[in-house]
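All remarks here apply to the structure that follows.
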Amino acid sequence: MHRLVEFFRRIYVVLIFLLLEGIALWQYATSSPYTEAKIFARTTAIGGAISGMVSDVEHFFSLPEENRRLTRRVAELEAVRVQEEEIIASMMLDSLALKAYSEQDANFRFSAARVSSSTSNRKRNYIILDRGAGDCMKVNMGVMTPERYMVGYVTSCSEHYSVVEPIINDKFSTGGRLIDSVANNFYCSITWDAKSRYHALASDISVNVDIAEGMTIEVSSERMPRGVVVGTIESYDINSAQTAYSARVKLAADMSAVDNVIVVESVHYDEIGTLIKDDEK
Amino acid sequence: MYKYMSYVWMSLAVLFVQIFILDNINIGASVAIWMRPMIFPLIVLLLPTEWKMIWVIVVAYVTGYIMDISLGGEGLYAATLLPIAVIRPWLLYLTTHRSLEADGQSHLLLRLNVRQLMTYIAAALLVHHALFFFMEVLSFGDVVRLMLTIVLSTLMSLLIGWFVVRLFISKVLVK
């Protein structure tokens, strides 16, 4: 109470001044409609300006909260964007599979996948795909590029990922086929000698083939449809017994730059496998 | 109380001159809109400095109130004279570089030279006239005319008021 009295004692001159000034101004303001309107307009404008300043100050102090809210919103939108990008990428992959499919592939199912990681500088190279057993991936599925260039075969699957054994793996082996100028098919074996990531070996090529550099070798396997290219003959040689050719094949696919791939499932692969086993008994 | 009687007489004289002479001289409407001499602020400007601010404010309000009643100002005179009472110490300090609190006004005004005294009176009249004429029109619509009215009226008030100031100093303060 004492402090309050002291406070008023200190500012009473100001209070008296404001009181008398207020009385005089009020008297003047209400003296005529003109002064009333004018002073009302001025005080409204001043009040508005002060209110605006107060609002600006309040807005300034609310900025950190607004920033936090915006950051949360940006994070939410970023998550949605990434999700939509994944959907679009998945749709594009599916469209790649559709493009790669042709009528002669009726016994095959095509789906798309993306390379998660790969190696190309070892003797036993591998490619990891972002699709696994949960996406209907199976062992022994064929893998090719959207341009129908041979990549390899699926050798194992987890729930979300698959491992592909590519041509550039010294354990890799598949059948090949040369088609000569009169559409005769000549079969061969495709392997890799671990000398170059850009080349494979074709062996056991019949001596009846009118072999030449630049000839195309396709995959010949029940796991892959027709027309999947391994590469072209860069050089060839005949064995010492003069019974077969072997050729150095320039690979059609660049194994170190494979990104999107088409995974091929042979519908009748199990049936063929059973048939071969029965025949071997 | 007796020593302040001269201030009372001076104030009454100034009010008389203002109300009955300056506001009743027929100088023609074309001149009157540009020049309206007002010397009544001198009542506040020449008050003793030993007076507390509260009494200066009261005197200013009473003076303004009398003017309002006499001339139909409806609060305009009081509203524009009160701020002069409040800023009087700063005006004196700014124009003469002397503080009111340091000494009695009678001695202070006597020690001021003519230039300093005139600057103080002129600055105070200019501020008062600016407030008064702006409050009267409450508009910046014709700012040139408003400025001219303020300046010309201040000059006229200073011219007339200067005789009052000199008379006051010689007849009241020198005693």
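Okay, here's what the table says:
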read-out	value
Filter pass, A:Arg3 being surrounded by fewer than 10 Cβ atoms within 10 Å (Cβ to Cβ) and either assigned to a helix (DSSP H, G or I) or among the small types (Gly, Ala, Ser) (or both)	yes
Candidate set from the range A:160-189 (those that are in a strand (DSSP E or B) and of a type in the set (Ser, Thr, Tyr)); member that is nearest to A:Ala113 (Cα to Cα)	A:Ser162
Residue within the range A:84-91 that is surrounded by 13 or more Cβ atoms within 10 Å (Cβ to Cβ), over 30 Å from B:Lys52 (Cα atoms) and among the β-branched types (Val, Ile, Thr) present	no
Failed condition for A:Met137, given (1) at pLDDT 90 or above; (2) outside any loop (DSSP other than H, G, I, E, B); (3) crowded, with 21+ Cβ neighbours inside 10 Å	(2)
Residue in the range A:24-31 that is in a loop (DSSP other than H, G, I, E, B), surrounded by 10 or more Cβ atoms within 10 Å (Cβ to Cβ) and either modelled with pLDDT of 80 or more or within 9 Å of chain B (Cβ to nearest Cβ) (or both) present	yes
Residue among A:Leu15, A:Leu20, A:Leu4 that is under 30 Å from B:Met53 (Cα atoms), touching a helix residue (DSSP H, G or I) at 6+ places or on another chain (Cβ under 7 Å) and either touching a residue at least 40 places away in the same chain (Cβ under 8 Å) or of a type outside the set (Ser, Thr, Tyr) (or both)	A:Leu20
Within the range A:235-281, tally of residues that are assigned to a strand (DSSP E or B), open to solvent by 70 Å² or more (accessible area, probe 1.4 Å) and under 19 Å from A:Arg148 (Cβ atoms)	1
Exclusive hit being more than 8 Å from chain A (Cβ to nearest Cβ), in a helix (DSSP H, G or I), out of contact with any Leu (no Cβ under 7 Å at 6 or more places or on another chain) and among the β-branched types (Val, Ile, Thr), set B:Ile54, B:Ile69	B:Ile69
Where a residue in the range A:173-190 is of a type in the set (S, T, N, Q) and its partner, wherever it lies, is part of a loop (DSSP other than H, G, I, E, B), with Cβ under 6 Å and at least six apart	A:Thr174/A:Ser221
Breaking point among (1) at pLDDT 90 or above; (2) touching a Ser or Thr at 6+ places or on another chain (Cβ under 7 Å); (3) surrounded by 14 or more Cβ atoms within 10 Å (Cβ to Cβ), for A:Arg223	(1)
Matching residues in the range A:75-117 - criterion: being closer than 20 Å to A:Arg223 by Cβ and hydrophobic (A, V, I, L, M, F, W, C)	A:Leu96, A:Ala97, A:Ala100, A:Ala106, A:Phe108, A:Phe110, A:Ala112, A:Ala113, A:Val115
Residues located in the range B:26-54, provided they are open to solvent by 50 Å² or more (accessible area, probe 1.4 Å) and either modelled with pLDDT of 90 or more or charged (D, E, K, R) (or both)	B:Arg36, B:Glu50, B:Lys52
The range A:32-53: number of residues that are open to solvent by less than 50 Å² (accessible area, probe 1.4 Å) and either part of a helix (DSSP H, G or I) or farther than 17 Å from B:Thr80 by Cβ (or both)	5
Lone unmet requirement of (1) at pLDDT 80 or above; (2) exposed (fewer than 10 other Cβ atoms within 10 Å of the Cβ); (3) more than 14 Å from chain B (Cβ to nearest Cβ) for A:Ala79	(2)
The range A:111-134: number of residues that are in a strand (DSSP E or B) and either within 18 Å of the chain's Cα centre (by Cα) or under 23 Å from A:Met91 (Cα atoms) (or both)	11
Residue within the range B:58-66 that is surrounded by 23 or more Cβ atoms within 10 Å (Cβ to Cβ), in a helix (DSSP H, G or I) and more than 10 Å from chain A (Cβ to nearest Cβ) present	yes
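The values are calculated or read from the model by the stated rules, or taken from the named source; none is laboratory data. The structure presented is a predicted model; accordingly, all values stated were derived computationally and were not measured. Backbone-built Cβ (ideal geometry, glycine too); neighbour counts: all protein chains shown. For the accessible areas, the whole protein counts, side chains as well, though only heavy atoms, and no ligand, DNA or RNA atoms are used. Shrake-Rupley method; radii C 1.70, N 1.55, O 1.52, S 1.80 Å.
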